[in-house]
Amino acid sequence: MKILVSSDWHCDAVTAGVERMPELVSFAQEIDAAIQEQEIDLVLNLGDCWDPGTVNDPRWCRFIYSTFVHLGRTTRLRSDGGGNAPGLLCIPGNHDVIDTSEPTSTLSGLDVAGDPSVEVFERPTCYGVTRQNQHAALLALPYVSRSYERTDDYRRSLEVALEAALRAARNSPLIVFAHLAFEGMIPGSETTDMARGREVQFPVALVEELSPTLVLNGHYHQRQTIRRGALDIEIPGAPIRFTFGEAKDGPRGFLVLEV
């Protein structure tokens, strides 16, 4: 199963007065081409699409929603012909969430719209995907608001998701995808120039117990692989350099991984 992973699009970003969305449109076109050329079975987006609460929300919303639906449809039609399963799975990041006691974010409208090509996980969830007789389990660990994190619903959702992932990992590859923080990371522009919200720590010890096949995490803008405990965490990074502080970072883009 081939998976394409991207994160931290920040389609509302402006650098020295220049809007960056035209570059993100080109980036989305590259993903669209890769889905066919590299025979992608599933697309994952790891959050940080845009900050809520600006007069330009409708612009950002139109771009992200239409792009995600298009990429999801392209992927599911390529992977199973009938288009019977979501082609794109996404989670909110710290730049997407709204601080309420319900799991709400700028991506909530995608979930409400109910387009079968896209699935949004705004609470911890274990989800199964089958492609051409290949099955994988995915554990989504989205960033959530402080208000929602204090609710019984969040605690139950996390407990149920972890238990389901533990069972699933006995028979299938398990992919964990998150938008959380890790101790010991050197702060980049994602936590300085572009900071929003608090740092929510990745539950390393809990995920170690699951022995996952693959761990993916957004939030950090530089492409890297980090080691925490027994876990190797793949961080795809952002699609473009958003700040002058990121000028010396390595290549930007998306990851294609096979499970």
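The values are calculated or read from the model by the stated rules, or taken from the named source; none is laboratory data. Keep in mind it's a predicted model, so treat the numbers as computed, not measured. Using ideal geometry, Cβ is built from the backbone for each residue, glycine included, and neighbour counts are taken over all protein chains shown. Accessible surface areas use protein heavy atoms only, side chains included; no ligands, DNA or RNA. Shrake-Rupley method; radii C 1.70, N 1.55, O 1.52, S 1.80 Å.
Using only helices, what value at 222 nm comes out for the chain when you add -39,500 (n - 2.57) per DSSP H run of length 4 or more and divide by the total residues, to the nearest 500 deg cm²/dmol? It would help to have the intermediate numbers written out before the result.
Values: 6 runs with 73 residues, N = 259.
Taken over the chain, the calculation gives -9000 deg cm²/dmol.
Of the peptides 171-177, 92-98, 12-18, how do they stack up when ordered by the mean number of other Cβ atoms within 10 Å, highest first?
On the way: 171-177: 20.6, 92-98: 25.7, 12-18: 12.7.
In descending order of packing, they fall as 92-98, 171-177, 12-18.
What ³J(HN,Hα) values, in whole Hz, does the Karplus curve 6.51 cos²θ - 1.76 cosθ + 1.60 give for segment 246-252 when θ = phi - 60°, with x put for Gly and Pro?
9, 4, 9, 5, x, x, 10
What number comes out for accessible area per residue over segment 60-168 if the probe is 1.4 Å? Units Å², please.
Value returned for segment 60-168: 43 Å² of accessible area per residue.
With a 10 Å radius around each residue's Cβ, average the other Cβ atoms per peptide and rank 124-130, 29-35, 183-189, highest first.
Ranking the peptides 124-130, 29-35, 183-189 by packing returns 124-130, 29-35, 183-189.
Only one of the values (i) 309; (ii) 166; (iii) 117 was calculated from this structure for volume of the Cα convex hull per residue in Å³; name its label.
Answer by label: (iii).
Once both labels are modelled 7 Å past Cα along the beta-carbon direction, what's the Glu163-Glu19 spacing in nm?
4.8
Among DSSP beta bridges lying fully in segment 29-183, give the percent that are antiparallel, nearest 5.
In segment 29-183, approximately 40 percent of DSSP beta bridges are antiparallel ones.
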